[in-house]
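Report on one structure; see the data block that follows.
The values are calculated or read from the model by the stated rules, or taken from the named source; none is laboratory data. A quick note: this is a predicted structure, and the numbers were derived from the prediction, not measured. Positions of Cβ are backbone-derived with ideal geometry, glycine not excepted, and every protein chain shown enters the neighbour counts. Note: accessible area is taken over every heavy atom of the protein model, side chains too, but ligands, DNA and RNA are not part of it. Shrake-Rupley method; radii C 1.70, N 1.55, O 1.52, S 1.80 Å.
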Amino acid sequence: MNRGLTGFLLFLGLVVIGIAGAAVYLGPNGLAFVLHEERKTAPFVMVDLLDFASDTDYERYQSDFVIPALAIARSVGGRLVWQARLTDTVAGNATDRWPYIVFTEYPSRAAFIDMVTSAEYRALLPARDAAVARSIMLAATPDGSIEEGVEYLAFRLLQESDEGGHARYAKQWWNEDLALLALNDGRAAFRAGLNPLIADEDHLFDALYVFAFPTEAARQAWVDDPERSTLRALEQRLFVRDVLLLGYVF
């Protein structure tokens, strides 16, 4: 997975060679990201799910990659929004047991491409590859603002069963889910459509919802609420994958 990330980032610097070559190499998701009609103006959030072989690898990732990479990100207008430790996989399979999720906001796709094709950033990639055991990258297009100052979070990742499934969910069930959240002192902190840039077949998610809670107990009450299970069963036909991860911001 790390080699795929490196290949993707390196190739972005060669896109000018020809769109035909880009289409073959990047695939539809990568090409859609590079050629997005608002690539120079629309902000987006890069969502990274990360796994490490050991605590030492994680510490090396933070010191050798994250700290210098964030400095480069800030130079193009980027900023770290959330860095969360994931503690539970409520719904999902073994491949969804990620220990970390990171949200980094950029002012545009063009700014991100400028960053990852810079010599300074590319020089950091060997350190990243040496530390990260596996990862996926999801480009999130926010639907509304991002709530900050949150601590206890639930991350719902959805892959629609057919085109339009996510739109039907938003129309038919979103308000029901919001009402149930409110009953458990929860709220929507972030929602976005997703473009999986680096992901295997199990992680081609189309949408992400992040729910915030004032306490861990409130979040657990929402997880255990029988009405949530009922809603999820009613929504199930819309999605091939419906993953729920719990974590906290640190």
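Quick rundown of the values:
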{"quantity": "Whole-percent carbon and sulfur share, accessible surface of the range 76-200, 1.4 Å", "calculated": "47 percent"}
{"quantity": "Length gained when the stretch R85-E176 is fully extended (0.36 nm per residue, less Cα-Cα span)", "calculated": "30.0 nm"}
{"quantity": "Gain in span if fully extended, I67 to E227, counting 0.36 nm per residue against the direct Cα distance", "calculated": "53.3 nm"}
{"quantity": "Rounded, prolate or oblate (a/c below 1.5 giving rounded, otherwise prolate when a/b exceeds b/c) for the range 144-225 by Cα gyration tensor", "calculated": "prolate"}
{"quantity": "Chain lengthening between T215 and T95 when straightened (0.36 nm per residue, less Cα-Cα)", "calculated": "40.5 nm"}
{"quantity": "Computed label-point distance, nm, for sites A167 and R122 using a 7 Å Cα→Cβ extension", "calculated": "4.0 nm"}
